[in-house]
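Working notes for the structure below.
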Amino acid sequence: MIEYLYNKNLLHKRLVGKTIKSIEHMSNKESKYHYLPKKPIALRFTDGTSLIALKEDEVNEVGFIYLGG
């Protein structure tokens, strides 16, 4: 199931408390499945879900993750 997290409250509900299992590039199989020209970074959680950086919600382009301090 693909869920787009536009809403701050929904993002908070879905992400707070999750444990990151790994941070890796999406596999070739996954990126081909979504017709992505590149392999984006995927944060994999212990519950089997992933957070993937995309440019927009149509899953056409790889995006970026900004981590500020």
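Here are some notes:
- Approximating the spin labels as points 7 Å out from Cα along Cα→Cβ, the GLU24-to-ILE41 distance works out to 1.7 nm.
- Annotation: peptides 25-37, 42-54, 9-21, ranked by per-residue average of other Cβ atoms within 10 Å with the highest first, follow the order 42-54, 25-37, 9-21.
Every number in this text was worked out from the coordinates using simple rules, so none of it is lab data. On a predicted model such as this, the values are computed, not experimentally measured, just so you know. Every residue, glycine as well, gets a Cβ built from its backbone with ideal geometry; the counts of neighbours run over all protein chains shown.
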